[in-house]
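**Q** One structure coming up, written as structure tokens, with questions to follow.
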């Protein structure tokens, strides 16, 4: 939902309109208000994954076997994980989601910057963070210019 002029809330999507139509006068409704995440920033994250995947150091071949595995490893490295202790006392980690509904823009910005630092440390050593970001930006710009 989004806020309109004044102090009224109005549905932002058809699905929101359907939900709101079911409400009756006097119903208590709770919803979360958050600023949507920047879609370009999300695309930039996946351009970074592609950049690292294309330049994956040999020592990680066979260890990281997919782009999804690479993203999970980056989540592990920056601590974006849930921790669980099994009944046997073993600690296991599960990568957290970076989906739009799981992370707002402020948290995503911190996550993104942390990921760039990990990339520069382990995957593209010697390349400055800004250069890595610039290359990822050029990848999404090329995609936009090529019609994809």
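**Q** Mind counting the residues in segment 80-112 that are in contact (Cβ under 8 Å) with a residue 12 or more places away in the chain and touching a strand residue (DSSP E or B) at 6+ places or on another chain (Cβ under 9 Å)?
**A** 7
**Q** Mind listing just one residue for me: the one in segment 106-128 that is surrounded by fewer than 15 Cβ atoms within 10 Å (Cβ to Cβ) and under 18 Å from the mean Cα position of the chain (by Cα) and, of those, farthest from residue 49 (Cα to Cα)?
**A** This residue is 106.
**Q** While we're here: Does at least one position in segment 106-123 carry a residue that is outside any helix (DSSP H, G or I) and in contact with a helix residue (DSSP H, G or I) (Cβ under 9 Å, 6 or more places away or on another chain)?
**A** Scanning segment 106-123 turns up no residue that is outside any helix (DSSP H, G or I) and in contact with a helix residue (DSSP H, G or I) (Cβ under 9 Å, 6 or more places away or on another chain).
**Q** May I pose another question? Which numbered condition trips up residue 88, out of (1) assigned to a helix (DSSP H, G or I); (2) farther than 23 Å from residue 136 by Cα?
**A** All conditions pass for residue 88, except number (1).
**Q** So, one more: Those residues that are assigned to a loop (DSSP other than H, G, I, E, B) and more than 19 Å from residue 117 (Cβ to Cβ), I need them from segment 54-85; list them, please.
**A** Within segment 54-85, 62, 63, 65, 66 meet the criteria.
**Q** How many of the residues in segment 22-80 are at positive phi and over 16 Å from the mean Cα position of the chain (by Cα)?
**A** Number satisfying all stated conditions: 2.
A quick yes/no check of all residues on (1) touching a helix residue (DSSP H, G or I) at 6+ places or on another chain (Cβ under 7 Å); (2) loosely packed, with under 14 Cβ neighbours inside 10 Å; (3) modelled with pLDDT of 95 or more:
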{"residue": "3", "(1), (2), (3)": "no, yes, no"}
{"residue": "27", "(1), (2), (3)": "no, yes, no"}
{"residue": "37", "(1), (2), (3)": "yes, no, no"}
{"residue": "54", "(1), (2), (3)": "no, yes, no"}
{"residue": "87", "(1), (2), (3)": "no, yes, yes"}
{"residue": "101", "(1), (2), (3)": "no, yes, no"}
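Conditions tested, residue by residue: (1) assigned by TED's automatic domain parsing to the domain that holds residue 120; (2) part of a helix (DSSP H, G or I); (3) more than 17 Å from residue 99 (Cβ to Cβ).
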{"site": "18", "(1), (2), (3)": "no, yes, yes"}
{"site": "25", "(1), (2), (3)": "no, no, yes"}
{"site": "28", "(1), (2), (3)": "no, no, yes"}
{"site": "45", "(1), (2), (3)": "yes, yes, no"}
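The values are calculated or read from the model by the stated rules, or taken from the named source; none is laboratory data. All figures in this text were calculated on a predicted structure; none of them were measured in a lab. As a convention, Cβ positions derive from the backbone with ideal geometry for all residues, glycine included, and neighbour counts pool all protein chains shown.
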